[in-house]
Amino acid sequence: MFRRVIVFNAMLLILMAGGLAGCSENSDDPTINVFSVNDDMELGKQVDAEILSNPQEYPILDSATNPGAYAHLYRIRDMILASGKVFYAQRFGWRCRIIKNDSVVNAFCVPGGNMYFYTGLIKLLDNEAQFAGVMAHEMAHADRRHSTDQMTKAYGIQILLSILLGNNASTLEQMVADLANGLGTLAFSRSNEYEADEYAVKYLYPTAYDSPSLGDFFTKLEGQSQPPTFLSTHPSPEDRLTKINEQFQALGGVHGQTFPERYAEFKSTLP
Ligand SMILES: [Zn+2]
């Protein structure tokens with residue numbers, strides 16, 4: 001009984017402190033998230049700053065000296081954003097950066113939509129539709145606000161409450177550090193991964209891309225002798241491929257294009 005009263009008071013205070021923070025702006029996303037959409041964007045900025053301050057771990061390919069590679073990346077991003085299916089397409093920044101490390105097969109997206117792609121991932125893939133599938137999957141994590149959903153769960157209402165009230169700066173710093181350094185400390189849940197796959201297919205379906213190509217990527221990963229980083233941060237349950245194909249069939253099952261030649265050009269622009 002006592003416990004219930006405390007929880008109720010905490011919820012009330014969160015509503016008072018955070019305004020509409022707990023209410024989703026996206027009616028298609030009923031998840032309880034005590035952060036506001038602006039918090040996602042602010043948190044993303046801080047994570048970006050952490051990443052950019054660590055060039056040893058994250059050697060970013062300079063966009064000024066590699067305009068060709070970035071032109072391909074942004075063209076692919078813009079095709080996904082033009083699908084009309086990305087809820088925060090206009091609001092988030094969706095900035096893309098390439099990390100120069102051929103031995104890492106991975107990509108990630110920070111809250112608020114900025115994305116990072118390792119050259120090891122770009123070079124492994126065979127066509128643009130596969131890459132667009134991975135990009136759409138990462139975009140879905142940001143668009144569905146999975147990081148702050150997980151933080152809501154991981155850090156608990158009491159800590160979040162003190163952050164909202166502005167007297168727990170060190171906890172916020174710790175959370176940013178977890179996101180920037182671990183990128184696994186706050187691992188997405190299995191249901192987050194399924195949802196990111198589902199939305200990746202939804203984002204790609206209205207575009208020229210073949211929308212189930214994300215599945216080809218998983219098949220390709222499983223054929224690698226060294227298990228790539230992507231599989232350690234993105235668990236690959238057996239039914240993931242099946243779910244991608246089910247989603248594709250549910251949308252109508254019409255295949256798009258894979259653009260292997262254009263993708264070969266993209267890869268040729270990388271150092
Ligand atoms: Zn994922």
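The values are calculated or read from the model by the stated rules, or taken from the named source; none is laboratory data. Note that the structure is predicted; figures quoted are calculated from it, not measured. When we count neighbours, we look across all protein chains shown, and the Cβ atoms used for this are built from the backbone with ideal geometry, even at glycine.
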If you go through segment 69-76 one residue at a time, do you hit one that is within 21 Å of residue 251 (Cβ to Cβ) and modelled with pLDDT of 95 or more?
yes
Output for Cβ contacts, cut-off 6 Å, separation at least six or different chains, first residue touching a residue at least 24 places away in the same chain (Cβ under 8 Å) in segment 70-94, second in a loop (DSSP other than H, G, I, E, B) and of a type in the set (S, T, N, Q), reads 70/63; 79/207; 83/207; 87/26; 93/114
All positions within segment 196-208 that are near the ligand (Cβ under 9 Å from one of its atoms) and either of a type in the set (Asp, Glu) or touching a Cys at 6+ places or on another chain (Cβ under 7 Å) (or both)
197
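Step by step: first the residues of segment 228-254, then only those that are part of a loop (DSSP other than H, G, I, E, B) and more than 17 Å from residue 134 (Cα to Cα), then the one that is modelled with the lowest pLDDT. Which residue is that? Talk me through it step by step, then tell me what you get.
Quick first cut of segment 228-254, residues part of a loop (DSSP other than H, G, I, E, B) only: 228, 234-238, 251-254.
When the remaining residues are screened for being more than 17 Å from residue 134 (Cα to Cα), the result is 238, 251-254.
Numbers: 238: 64, 251: 98, 252: 98, 253: 97, 254: 98.
Only one residue tops the list, namely 238.
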Search result, residues across segment 255-271 that are surrounded by 15 or more Cβ atoms within 10 Å (Cβ to Cβ) and assigned to a loop (DSSP other than H, G, I, E, B)
256, 258, 259, 269, 270
Residues in segment 100-116 that are surrounded by 22 or more Cβ atoms within 10 Å (Cβ to Cβ) and in contact with a Ser or Thr (Cβ under 7 Å, 6 or more places away or on another chain) total 2
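Identify all residues within segment 80-100 that are in a loop (DSSP other than H, G, I, E, B) and touching a Leu at 6+ places or on another chain (Cβ under 9 Å); write none if there are none. Working first, answer last.
Of all residues in segment 80-100, those in a loop (DSSP other than H, G, I, E, B) come to 82-95, 100.
Matches in segment 80-100: 83, 85, 89, 90, 94, 100.
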May I ask you to list pairs of residues, at least six apart or on different chains, whose Cβ atoms are under 7 Å apart, with the first in segment 47-68 being of a type in the set (D, E, K, R) and the second being surrounded by 13 or more Cβ atoms within 10 Å (Cβ to Cβ)?
48/110; 48/114; 50/176; 50/177; 50/180
Looking only at segment 104-157, how many residues end up being under 16 Å from the mean Cα position of the chain (by Cα), more than 13 Å from the ligand (Cβ to nearest atom) and among the basic types (Lys, Arg)?
1
